[in-house]
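Enquirer: Just passing along the structure, written as structure tokens.
Every number in this text was worked out from the coordinates using simple rules, so none of it is lab data. Treat the numbers as computed from the prediction; the structure is a model and nothing was measured. In this analysis, Cβ positions are derived from the backbone assuming ideal geometry, glycine residues included, and neighbour counts consider all displayed protein chains.
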Amino acid sequence: MTLRIRRIDHARDFVALEPIWSRLTNETGQPSPFLSYDWFWCCWHGVVPQRHPEILVVEDGDTPVAIIPLMHWRARLYGLPIRYISFLEWPDCPIAGLVIPGQSRPVVELFLDYLTGRSDWDIARLQKLLATSPTLEAFEHILPGRLSWRRESHPAYPCVAIDGDWERFCTTMNKSSADTYQHIHTTLQRAGELSTRRASPSSISKAPSSRRRLRS
């Protein structure tokens, strides 16, 4: 196996990844929407212009075998200008995902070598990997002795079991939660009739240029 990384940092090239992304996601066996092409398409266009997204396609020869979505930006830390790089995500999402259908370790080793060879970042934040993820295990096994690193935090996202239907559950809320729910519910009612429709990113990309906003 001879792995290499191909970097994508233009929106038009990202759109072309849809069939490859879908195939690799299916091969992971993980149905999470937070690994899907549609999700990262939204993240790509949601973070610009404050942050700059890019996609690393890991290839074995000419065959894509993994995808690593990233973003980079500048900020200040203790008054110093810092160049950050991290996994591409949306702030309210509980996890950040890498699409790795096969063994994580060869991909992680290649990715860390790739990062080490870049000179456009000061701090890498490899955030929100699941505690049970083989990718996290690979990072923690390979990083010591290669780069200076530490585990910054360990967030927990509790699951609420609902007894009965939604309306019954609402009656058990405390006053603060009930007031928040009622405010959101009232705001949505005032907005009129709401509906949802799934639009494929590929169909959006084919829309007339006056109807779409693609940033590259």
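Enquirer: For the range 57-127, run through the trypsin sites (Lys or Arg not before Pro) and keep only the ones in DSSP coil with at most 14 other Cβ atoms within 10 Å of their Cβ.
Expert: On the way: sites: Arg74, Arg76, Arg83, Arg118, Arg125; in loops: Arg118.
Sites meeting the loop and neighbour criteria: Arg118.
Enquirer: Still on this structure, I have one more. What does the C-alpha gyration tensor say about the overall shape of the chain? Classify as rounded when a/c is under 1.5, otherwise prolate if a/b is larger than b/c, or oblate. Provide the component values of the computation, followed by the final result.
Expert: On the way: a/c = 1.72, a/b = 1.40, b/c = 1.22.
Prolate.
Enquirer: Note down the magnitude of the dipole of the chain about its Cα centre, charges +1 on Lys and Arg C-beta and -1 on Asp and Glu C-beta and zero elsewhere, to the nearest 20 debye.
Expert: The calculation lands at about 780 debye.
Enquirer: May I pose another question? Would you compute, for the Cα atoms of the range 22-71, the largest minus smallest coordinate along each principal axis and list the three values in descending order, in whole Å?
Expert: The principal-axis extents, from largest down, are 33, 26, 10 Å.
Enquirer: How much of the DSSP beta bridge set in the chain is antiparallel, as a percent to the nearest 5?
Expert: In the chain, DSSP labels about 90 percent of beta bridges as antiparallel.
Enquirer: Can you classify the range 82-148 as rounded, prolate or oblate using the Cα gyration tensor, where a ≥ b ≥ c are the square roots of its eigenvalues, rounded means a/c under 1.5, and otherwise it's prolate if a/b beats b/c and oblate if not?
Expert: Details: a/c = 1.73, a/b = 1.07, b/c = 1.62.
It comes out oblate by the Cα gyration axes.
Enquirer: Listing Ser195, Ser104 from the residue with the fewest other Cβ atoms within 10 Å to the one with the most, what is the order? Could the numbers behind the result be given before it?
Expert: Values: Ser195 4, Ser104 21.
Ordered by Cβ neighbours within 10 Å, fewest first: Ser195, Ser104.
Enquirer: Please name whichever of Val99, Ile67, Leu88 sits farthest to the positive end of the charge dipole of the range 57-132, dipole taken about the Cα centre and charges placed at Cβ: Lys and Arg +1, Asp and Glu -1.
Expert: Looking along the dipole axis, the top candidate is Leu88.
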